[in-house]
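Working notes, structure below.
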Amino acid sequence: MTKIPSVIIAGMPRGGTTYMYNSFMMHPSIYVAHRKELAFFIESYFRNIKSDEWYLGHFSSCKESEVPVDISPPCFFDLRSPQRILEFNPDARIILSIRKPSEYVVSIYHQQRKRGNYFSCSFEEFINGKFINTDFEWNLRYRFDNEAICDNIKNYIDTFEDRVLLSDFSHFRHSPLEVLKAFESFIGVPSSFREDNYIKQKVNSSTDNSNHFLHNIIFSNLSVKICRALPEKLVKGGRRKYDKIMASTDSNDTKYWDESEEKLAAEKMREQDAWVETLFEDSPFILGNMKPFRS
């Protein structure tokens with residue numbers, strides 16, 4: 001019998017989720033699908049495109065000793081996703097990696113620009129919610145104005161309460177091993193990550209060598225069908241190599257935006273930045289009941 005994913009990393013995009021995917025792929029007690037970002041709980045997938053069988057089929061090889069984890073950060077942008085996750089699995093737990101909103105909006109804008117998704121969309125239009133991501137038939141609007149980021153976080157908190165873990169992305173930047181260990185504890189698996197075996201290279205960083213054509217091939221429906229027909233170990237090994245190729249070899253944070261974008265983001269996101277900062281005043285890991293999470 002196929003196990004239902006009990007933990008979902010639902011965001012934020014650009015919050016280290018690809019790094020987590022590659023790390024969990026190596027964990028002996030965690031199972032991740034061959035495809036990251038299944039996005040099953042986004043409205044267009046859930047209602048019109050994908051079936052329960054399609055979703056659960058990605059976890060059909062999960063062993064009894066493994067915990068299935070779904071890493072689908074696009075669900076962060078869909079306000080209806082939390083309730084759909086809850087209806088699908090009332091016992092589900094959620095992990096959210098939270099970035100400073102003003103930094104986050106600049107990061108995701110330039111990521112998508114490098115993928116070629118909307119060269120005609122200016123940064124001001126993007127930050128005001130003019131962009132709809134049509135990747136993989138998601139039809140997902142990216143909203144950042146009017147407290148949208150905070151509202152999305154609060155939506156998960158209200159839905160899952162103490163079954164949602166909020167992780168400070170700024171802490172991940174300098175202490176990824178500590179974050180991995182906290183996630184292991186929250187997921188409920190034995191500790192496996194150590195100083196000598198965790199991934200030290202950035203994965204899908206803001207300075208990566210994004211290739212729009214290659215990205216679309218990797219995530220196309222045809223590619224998914226081919227992957228389902230191949231041995232799982234081979235597919236996941238290929239995915240790790242793909243992410244390694246796309247990763248930056250520069251260990252320094254490169255400033256890839258101009259100052260006008262940074263200034264506009266700071267102005268637009270001032271209140272949201274302040275709210276996120278208060279979340280992590282006492283700890284880099286907070287449960288939905290606002291109590292620090294101790295791993």
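The values are calculated or read from the model by the stated rules, or taken from the named source; none is laboratory data. All values reported here derive from a predicted model rather than from experimental measurement. All Cβ positions, even for glycine, are placed from backbone atoms using ideal geometry, and neighbour counts span all protein chains on display.
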* Pairs with Cβ under 6 Å, 6+ apart, first in the stretch 116-131 and at pLDDT 85 or above, second buried (at least 18 other Cβ atoms within 10 Å of the Cβ) and not in a loop (DSSP other than H, G, I, E, B) -> Phe123/Tyr109; Phe123/Glu261; Phe126/Tyr109; Ile127/Val105; Ile127/Lys268
* Out of (1) surrounded by fewer than 22 Cβ atoms within 10 Å (Cβ to Cβ); (2) at pLDDT 95 or above; (3) in contact with a helix residue (DSSP H, G or I) (Cβ under 8 Å, 6 or more places away or on another chain), what's the single condition that is false for Gly57? -> (2)
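Tell me, which helices (runs of 4 or more DSSP H) lie completely within the stretch 137-231 with 2 or more residues that are among the hydrophobic types (A, V, I, L, M, F, W, C), closer than 30 Å to Pro28 by Cα and at pLDDT 95 or above?
Numbers: elements: 148-160, 169-174, 176-187, 212-218, 221-229.
Correct list: 148-160, 169-174, 176-187.
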* Residue match in the stretch 20-29 (condition: among the hydrophobic types (A, V, I, L, M, F, W, C) and under 22 Å from Val105 (Cβ atoms)) -> yes
* **Those residues of the stretch 243-293 which are in a loop (DSSP other than H, G, I, E, B) and modelled with pLDDT under 90, in sequence order** => Ala247, Ser248, Thr249, Asp250, Ser251, Asn252, Asp253, Thr254, Lys255, Tyr256, Trp257, Asp258
* Would you mind telling me which numbered condition in (1) touching a strand residue (DSSP E or B) at 6+ places or on another chain (Cβ under 9 Å); (2) hydroxyl-bearing (Ser, Thr, Tyr); (3) over 23 Å from Tyr198 (Cβ atoms) Thr17 fails? => (3)
* Here is a list of conditions, (1) surrounded by fewer than 19 Cβ atoms within 10 Å (Cβ to Cβ); (2) touching a Leu at 6+ places or on another chain (Cβ under 7 Å); (3) not small (Gly, Ala, Ser), and Gln83 meets all of them except one; can you say which number that is? -> (2)
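Out of the stretch 272-285, which residues are over 13 Å from Lys154 (Cα atoms) and among the hydrophobic types (A, V, I, L, M, F, W, C)? Spell out how you get there, then give the answer.
First pass over the stretch 272-285, keeping only residues over 13 Å from Lys154 (Cα atoms): 273-274, 277-278, 280-285.
Across the stretch 272-285, the qualifying residues are Ala274, Phe280, Phe285.
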